[in-house]
Amino acid sequence: MKITDHLKKESIFLDVTIENKPNVLKYISDACAHNGIITDPELLYNGLLQREKTMSTGVGGGIGFPHTANPEIRYASVILLRLAKPIEFESLDHQPVDIILGLIFPESDPGIHVRMLARVSRLCQNPDFLSAIKQAENAERLIEQIKNIENGTESH
């Protein structure tokens with residue numbers, strides 16, 4: 001499984017100014033609606049919010065993985081946000097977050113949830129991946145770099 005199979009350039013938002021976690025979740029929901037991934041952004045927002053109430057998806061290292069299953073979608077989708085300024089995200093390491101990977105899973109495929117979280121977690125341990133996100137000038141180049149990293153062709 002590759003994240004770039006589920007991440008499209010129109011789902012990458014660089015240097016976005018968002019003030020807090022609820023607004024990040026709203027941004028992800030609205031972006032999914034705008035991109036035609038879902039039709040009901042409120043349903044998606046409520047799913048993301050409910051997941052955060054269970055346990056924060058701020059995993060540490062400045063990264064957040066808000067995620068939820070949704071009955072509207074047939075295929076998993078990824079929304080990538082690079083925030084202009086780090087925000088409080090109730091992270092495990094108590095550090096602010098500036099990289100958000102929103103993951104939306106179809107309710108009809110519960111196994112993809114675990115596979116995608118594992119894949120994103122592995123990618124975030126790759127310094128080339130994080131560097132590519134932090135230094136990206138545009139979505140097109142970032143997608144290309146992530147594909148190279150996933151294919152093992154990015155120089156180290």
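Need one number for the chain: average projected area of the convex hull over its C-alpha atoms, nm².
Mean shadow area of the hull around the Cα atoms is 8.2 nm².
Packing-wise, with mean Cβ within 10 Å as the measure, how do 57-69, 131-143, 101-113 rank, highest first? Let's see the in-between values first.
On the way: 57-69: 21.5, 131-143: 15.2, 101-113: 18.1.
By packing density, highest mean first, the sequence is 57-69, 101-113, 131-143.
Taking amide H positions as placed 1.01 Å from N in the peptide plane, with prolines and chain starts having none, which residues 5 or more places from I38, or on another chain, fall under 5 Å of its amide H?
Distant-sequence amide H within range of I38: A33.
Roughly speaking, what is the stretch gain from Y75 to L92, that is 0.36 nm per residue apart minus the C-alpha to C-alpha distance, in nm to one decimal?
3.2 nm
Rounded to the nearest Å, what's the spacing between the alpha carbon centres of the range 91-156 and the range 11-77? Just the number, please.
Each part reduced to its Cα centre gives a spacing of 15 Å.
Convert each backbone phi in the range 92-97 into a coupling constant with the Karplus relation 6.51 cos²θ - 1.76 cosθ + 1.60 (shift: θ = phi - 60°), then list the ³J(HN,Hα) values in order as whole Hz, x for Gly and Pro.
4, 9, 6, 9, x, 10
Please give, to one decimal in nm, the separation of the simple spin-label points placed at R115 and D128, each 7 Å out from Cα toward the Cβ.
So the two model labels end up 2.3 nm from each other.
Each residue of the range 119-125 in order: what ³J(HN,Hα) in whole Hz does its phi give by Karplus 6.51 cos²θ - 1.76 cosθ + 1.60, θ = phi - 60°, with x for Gly and Pro?
Going residue by residue, I get 5, 5, 4, 5, 4, 5, 8 Hz, with x marking Gly and Pro.
FRET efficiency for S108 and Q135, Cβ-Cβ distance as r, R0 = 35 Å, nearest 0.05?
Working: r = 37 Å, r/R0 = 1.06.
Rounded to the nearest 0.05, the efficiency is 0.40.
Could you work out how far apart the two model spin labels at K147 and D30 are, taking each label as a point 7 Å from the Cα in the direction of the beta carbon, and quote it in nm?
3.0
All of the numbers you see were taken from the coordinates with simple rules; none came from a lab. Computed from a predicted structure; not experimentally measured. Cβ atoms come from the backbone with ideal geometry, glycine included; neighbour counts cover every protein chain shown.
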